Amino acid sequence: MRINLLPREKVKKKSPYFDQAAFAVALVCLAILIVIGIWFYLQKSADALDKKILDNKNELQKLKKNEEKIAEHKKYTAVLEEKVKVIEQLEENKSGPAKILASLATGIVPGRMWLTTLKCQGAKVTLEGVAVDNETIAQFMTNLEDSPEFENVELQFAEETKVEDYLFKKFSLTAIIKILKDLETAQEASAKR
């Protein structure tokens, strides 16, 4: 028989809390890893959003530059359109004096009247002349009023005058030239802008 006098190794008992503590540490580590993973994911998303915001700002700057260019082009186009209108008006009015004189010539009663003076101030024209009688003056005024080039034909005076022993009617009348009146109105309207 043998007697062992050596002390026995004590078997350490595992504490019931050790397994729970290890499990808790593992859970905490797992939670930390999950939080770090979420943080990296959110950081990556934030970086992507920052890049997208920067790209959108750059695009917005480009669009603003384009918008300024478009506004410049619109102004330039408006100026060009105004110039084209003026050119068209000038081309249209180029034949204006010829039309006005033709209307005057067709309005004159042949052999019964003569024009001595024609004065033009803006759209208002003053005509002076000599006619055989009042009916001829009235016919001339009617012819001018019916003409598309004149309006507001008004007699200023008509008086008898003697020319080489013959009695005639000296007259003066005023009228408005429609083309010039329209042109003055258009110029006033563009000056107000």
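Every read-out reported here was derived from the displayed coordinates using simple, explicitly stated rules and does not represent laboratory data. Please read these numbers as outputs of a predicted model, since none were measured by experiment. No Cβ is skipped: glycine too gets one built from the backbone with ideal geometry, and neighbour counts run over all protein chains shown.
Laid out as a table, the results:
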{"item": "Test: residue 169 is within 30 Å of residue 87 (Cβ to Cβ), basic (Lys, Arg) and in contact with a helix residue (DSSP H, G or I) (Cβ under 9 Å, 6 or more places away or on another chain)", "result": "no"}
{"item": "Strands (runs of 3 or more DSSP E) enclosed by segment 87-166 - at least 2 residues per element that are exposed (fewer than 14 other Cβ atoms within 10 Å of the Cβ)", "result": "113-121, 150-163"}
{"item": "First in segment 149-165 and under 11 Å from residue 178 (Cα atoms), second anywhere and part of a loop (DSSP other than H, G, I, E, B), Cβ under 6 Å, 6 or more apart", "result": "none"}
